[in-house]
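First comes the structure, then the notes that go with it.
The values are calculated or read from the model by the stated rules, or taken from the named source; none is laboratory data. It should be emphasised that the depicted structure is a prediction, and the values quoted were computed from it without experimental measurement. Backbone-built Cβ (ideal geometry, glycine too); neighbour counts: all protein chains shown. These accessible areas exclude ligands, DNA and RNA; they are computed on the full protein's heavy atoms, side chains included. Shrake-Rupley method; radii C 1.70, N 1.55, O 1.52, S 1.80 Å.
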Amino acid sequence: MINMSLKVTVNITGCLKELYPHLSEREVVESDQPLSVSGLIGELGISPRMVLFAVLNERIVPKDRQLFEDCEINLVSPPAGG
Amino acid sequence: MKLKRGDDLKSNQVVNRSLQFRVLSDSQRDEIHYAVLGVLEDVGVVVKCERAMELLKKAGAYIDGENAKMPRALVEKAIRTAPSGFALYDRNGERRLLFEDGNCYFGPGPSTTYTIDPYSGERRHPKKADTANAARVMDALENIDFIMDFGTVQDVPTRYSDLYQLQAILENTTKPIVHWGFDSQNCQVILEMCSAVTGGLEELQKRPFLALFACSNTPLLHTVEALDKLIFTAENNIPFVCVSAPAAGATSPVSLAGTLVITLAECLSGLVIHQLVREGAPVALGGVTAATDMQTMAMSYGCPEFSLMHAALTEMAHFYGLPLWGTAGCTDSKAVDQQAAVEATASIMMSAMSGTNMVHDVGYLEGGNCSSLAMLVMCDEIIGYVKRLARGVQVDDVTLALDAIKRVGPMGEFVTDPHTYEHFKSEIWFPSLMDRHPCQRWLADGSLTMGDQAAARVRELIENHRPEPLEEKAKNEIDKILSGLA
């Protein structure tokens, strides 16, 4: 857990789990600064290219969307396989 | 009571030669068809090939930059001019497979990144020896009807992996082959290699033991590489499979009907170009209709929707009077385990019931990323089982067995009756891996699971099966072709 003050729950999905094994499937991030989806991705050390889209409280949102207290966000990797 | 009816007239008799199965009603099939025509007319496809664009323009398609919109008359003409099926021969020129109507054949798949080593169980990149071993095993398996490369080999000049794989296949099986070239130049070499076997291109065209395939890029894009190969194959009158491989929810709509529309729009637009190159050239529609698992973002090869879409696609192709290349016998599992058995059985069953003509990817693990000969051997057994199911119950004077019933009568037994001896082989299917021995015998044999038995069978076939050797003259000619590559 990263210790800051805006508290966001992040679900890591798809191949992100394999690519970033230091992250758990469900991360809690705290920040004392306003944080966008892109900022969050950076905080977690994930390459922006590896996040196809983000789902904030069950809606797909652009990566410049600001996060808010106690929100839950899913970071979705590109599809792979076949 | 008259027990035997003999040649009595039987009016209005309907005989099921197989189980009956349909996914789509006639109305649903029509709705999908009209939606496909609508997409091709209104949305169009991107065609990144000048030659194809010229042909389309001349034939009446509406061209806007790289986009081609196809009037329904153009699509319907291609459906009419394409043959209703084609035959594949074996390496010796004997007719083996007839892809038409409800004829259903099974084979492995191509181009996996990984394979399971049959001895160590290690997951690793394929080598040329793996292709040779795979072809040898497939040559021996009763229910594997055609051969594919089963993995892209990495221990040869990789620019020509497709060609070295073909060499290994040609030297280790006589069965029909479905292959692919990296590009049209490699396809040319493939034709030269196969012509070396038949003694010339004309003989290969007359009795093809090779079909080639290429894929569109979903959604609605035909790349120059794929179209070069399509055009090359049509010009040379070699059977071609026009494949679309969508992932529902990622590259095509998440709804199964929407994915069918995209798949068919790609297949039929490919068919239009193919038939414009050479009217009447042999061709099949093809689909690898996977669904995206939203938890893992993986293309699932084992989900129920995978089999449902393939069955529906088969019905659409047969509605067009065209053969279908489908997919089954594969799994998302990483091992030849219970999940693999469940998923492979369901998809093989659906393919057999719907009458998919060419069923590929048998023996794949990990959603198509890894091949396994043990999985292939297990699927060979599953296919045998399913074929028996699909044959259904034969009902005639012989199988009604009224004479035998009369002979044995109440309180008797049928084990020693001649009817049993005469018909047990045709009525009752015999497994080669599935164990029906008493428990004591199973324990004494080492308590082997079906997976253990499949792995052992693979090793036994690699070591002991001796395929008919390729003639020395053809072998030398192929060596010469490959040694001349830059």
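Mind checking whether some residue in region B:200-220 is without any contact (Cβ under 8 Å) to a residue 60 or more places away in the chain, closer than 19 Å to residue B:146 by Cα, touching a Leu at 6+ places or on another chain (Cβ under 6 Å) and surrounded by fewer than 24 Cβ atoms within 10 Å (Cβ to Cβ)?
The answer is no, given that none of the residues of region B:200-220 is without any contact (Cβ under 8 Å) to a residue 60 or more places away in the chain, closer than 19 Å to residue B:146 by Cα, touching a Leu at 6+ places or on another chain (Cβ under 6 Å) and surrounded by fewer than 24 Cβ atoms within 10 Å (Cβ to Cβ).
Could you check, for region B:446-453, whether at least one of its residues is without any contact (Cβ under 8 Å) to a residue 12 or more places away in the chain and open to solvent by less than 50 Å² (accessible area, probe 1.4 Å)?
So the first thing to find is which residues in region B:446-453 are without any contact (Cβ under 8 Å) to a residue 12 or more places away in the chain, and the list is B:446-447, B:449, B:452.
Then keep just the ones that are open to solvent by less than 50 Å² (accessible area, probe 1.4 Å); that gives B:446-447.
Yes, the conditions are met somewhere in region B:446-453.
Filter region B:318-351 down to the residues that are of a type in the set (Gly, Ala, Ser) and surrounded by 24 or more Cβ atoms within 10 Å (Cβ to Cβ) and list them by number. Before you say what the answer is, go through the steps one by one.
Taking region B:318-351 as the starting set, the residues that turn out to be of a type in the set (Gly, Ala, Ser) are B:321, B:326, B:328-329, B:333, B:335, B:340-341, B:344, B:346-347, B:351.
Of everything in region B:318-351, those that are of a type in the set (Gly, Ala, Ser) and surrounded by 24 or more Cβ atoms within 10 Å (Cβ to Cβ) turn out to be B:326, B:328, B:329, B:340, B:344, B:347, B:351.
Mind listing just one residue for me: the one in region A:36-82 that is in a loop (DSSP other than H, G, I, E, B) and among the hydroxyl-bearing types (Ser, Thr, Tyr) and, of those, farthest from the other protein chains (Cβ to nearest Cβ)?
Selected residue: A:47.
Would you please name the residue that is nearest to residue B:100 (Cα to Cα), looking only at residues in region B:286-299 that are part of a strand (DSSP E or B) and at the interface with chain A (Cβ under 8 Å from one of its Cβ atoms)?
The qualifying residue nearest to residue B:100 (Cα to Cα) is B:290.
Tell me which residues, restricted to region B:157-174, are assigned to a helix (DSSP H, G or I), among the polar types (S, T, N, Q) and open to solvent by less than 10 Å² (accessible area, probe 1.4 Å).
Let us first name the residues in region B:157-174 that are assigned to a helix (DSSP H, G or I), namely B:158-170.
Add one more test, that the residue is among the polar types (S, T, N, Q), and what stays is B:158, B:161, B:165, B:167.
Result: B:161, B:165.
Given the residues B:281, B:250, B:265, which is the only one that is within 14 Å of chain A (Cβ to nearest Cβ), small (Gly, Ala, Ser) and either part of a loop (DSSP other than H, G, I, E, B) or touching a Leu at 6+ places or on another chain (Cβ under 8 Å) (or both)? Talk me through it step by step, then tell me what you get.
On the way: B:281 fails: within 14 Å of chain A (Cβ to nearest Cβ); B:265 fails: within 14 Å of chain A (Cβ to nearest Cβ).
Among B:281, B:250, B:265, only B:250 is within 14 Å of chain A (Cβ to nearest Cβ), small (Gly, Ala, Ser) and either part of a loop (DSSP other than H, G, I, E, B) or touching a Leu at 6+ places or on another chain (Cβ under 8 Å) (or both).
Here is a yes/no grid of residues against (1) over 19 Å from residue B:455 (Cα atoms); (2) within 14 Å of chain A (Cβ to nearest Cβ):
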position: B:369; (1), (2): yes, yes
position: B:380; (1), (2): no, no
position: B:395; (1), (2): yes, no
position: B:403; (1), (2): yes, no
position: B:409; (1), (2): yes, no
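Sort out which residues of region B:78-136 are open to solvent by 50 Å² or more (accessible area, probe 1.4 Å), aromatic (Phe, Trp, Tyr) and not in a loop (DSSP other than H, G, I, E, B), and write them in order of number.
If the condition is that a residue be open to solvent by 50 Å² or more (accessible area, probe 1.4 Å), aromatic (Phe, Trp, Tyr) and not in a loop (DSSP other than H, G, I, E, B), then B:114 is the only one that fits.
Kindly check whether there is at least one residue in region B:159-168 that is more than 28 Å from residue B:263 (Cβ to Cβ), out of contact with any strand residue (DSSP E or B) (no Cβ under 9 Å at 6 or more places or on another chain) and of a type in the set (Gly, Ala, Ser).
Checked against the condition, which is being more than 28 Å from residue B:263 (Cβ to Cβ), out of contact with any strand residue (DSSP E or B) (no Cβ under 9 Å at 6 or more places or on another chain) and of a type in the set (Gly, Ala, Ser), region B:159-168 yields at least one hit.
Scanning for something in contact with a His (Cβ under 6 Å, 6 or more places away or on another chain) and open to solvent by 10 Å² or more (accessible area, probe 1.4 Å), does region B:175-185 turn up at least one residue? Quick ask: steps written out before the conclusion?
In the first step, residues of region B:175-185 are kept if they are in contact with a His (Cβ under 6 Å, 6 or more places away or on another chain); the result is none.
Among the residues of region B:175-185, not one is in contact with a His (Cβ under 6 Å, 6 or more places away or on another chain) and open to solvent by 10 Å² or more (accessible area, probe 1.4 Å), which makes the answer no.
Just one of (1) open to solvent by less than 20 Å² (accessible area, probe 1.4 Å); (2) within 14 Å of chain A (Cβ to nearest Cβ); (3) touching a helix residue (DSSP H, G or I) at 6+ places or on another chain (Cβ under 9 Å) trips up residue B:360, so point out which.
(3)
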